[in-house]
1. With a 1.4 Å probe and all protein chains left in place, how much of the accessible area of the range 99-210 comes from carbon and sulfur atoms, in whole percent?
2. Can you pick out the pairs among LYS169/LYS198; LYS117/LYS198; LYS85/LYS117 whose Cα atoms lie more than 29 Å from each other?
3. Based on the alpha carbon coordinates of the range 93-244, what radius of gyration and maximum Cα-Cα distance (Dmax) apply, in Å?
4. Working with all protein chains in place, sort VAL246, VAL76 by solvent-accessible area computed with a 1.4 Å probe, largest first.
5. Report the label-to-label distance for TYR231 and THR161 in nanometres (one decimal), using points 7 Å from each Cα along the Cα→Cβ vector.
6. Give me the 1.4 Å probe accessible area per residue for the range 70-206, excluding ligands and nucleic acids, in Å².
7. Take the Cβ-Cβ distance between ASN177 and LEU150 as r, set R0 to 25 Å, and report the resulting FRET efficiency rounded to the nearest 0.05.
8. Once Rh is set to the Kirkwood radius over Cα pairs, what Stokes-Einstein translational diffusion coefficient, in µm²/s, holds for the range 175-220 at a temperature of 4 °C and a viscosity of 1.567 mPa s?
Amino acid sequence: YEEIDMTGNFWGYDKTREMTEKGVSSNLSFIHDYYDDFNKTKVVYSDYRNEPILGVGYLGDAYYPVVAESSTVYQVGDTGPAGGKVFYDKGFYSEGWRYLEAAPADLDGGKIFGYYKATANSYTQRSGTSYLIGTGRTNTRMLVDTMGDLAYSSHELDDGTREADYAAKLCQDLSVNGFDDWFLPSRDELLLMYNNLKRNGLGDFDDIVPYWTSTENESYHGNAAMCVWFYDGLDGSMSRYSTYKVRPVRAF
């Protein structure tokens, strides 16, 4: 548990957007100690980890970097700055982005989603990811902050095997055509990719093997995550050790 001091008009939009619109709201277990003056309100933050995530009250520029607004107007289906296809336009700039662009190609081969466990003999735990549009970048950062450079490749209690090549970390470390701000898309972002690109014959996607999202399943005790099949656009939950396709995304 971590107590966050909410003083200083923390309830203003500039401070609360990271915990509500960007997928961290699921990690707010309850509001603790109401006061007449909201500037004295405190929130107790908790999730399934044994230790707190630093800086959770304000994720800041590391999660939502401010970038220059593009003078070019893009349409869905256009080639984006990194050479991939633009698959979403929210119509205005906020939190440093307006468009979502899919990478020009999948990562090579299949990748695991990966597990987090405090020790080799403990149960798997979740990071608190979201399924919403606009949360993929936050999800990816949270997964990498949680699992680190090496993720567990199995949920078994007595398994100590770690595997570096997990989907979120590979996306975060990716550089394509000079751009290194890639992330693993959330479930709703990946569904947009299917509807706006794949169904229009764009993006060269795989029709057989599903694609990982950055959205953990809140059931199954942290052992499953969401994926999307691109032959029909259906989503589902699969074990995090499965090796599926990965198509990185960037926001600009």
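1. The value for the range 99-210 is 45 percent carbon and sulfur by accessible area.
2. Among LYS169/LYS198; LYS117/LYS198; LYS85/LYS117, the Cα-Cα distance tops 29 Å for LYS117/LYS198; LYS85/LYS117.
3. 15.0, 47
4. Numbers: VAL246 0, VAL76 70 Å².
Putting VAL246, VAL76 in descending order of accessible area: VAL76, VAL246.
5. For the pair TYR231/THR161, the computed spacing is 2.7 nm.
6. On the way: 5670 Å² over 137 residues.
Accessible surface, normalised per residue, equals 41 Å².
7. Numbers: r = 28 Å, r/R0 = 1.12.
So the FRET efficiency works out to roughly 0.35.
8. Translational diffusion coefficient: 105 µm²/s.
The values are calculated or read from the model by the stated rules, or taken from the named source; none is laboratory data. It should be emphasised that the depicted structure is a prediction, and the values quoted were computed from it without experimental measurement. As a convention, Cβ positions derive from the backbone with ideal geometry for all residues, glycine included, and neighbour counts pool all protein chains shown. Calculation scope for accessible area: heavy atoms of the full protein, side chains included, ligands and nucleic acids excluded. Shrake-Rupley method; radii C 1.70, N 1.55, O 1.52, S 1.80 Å.
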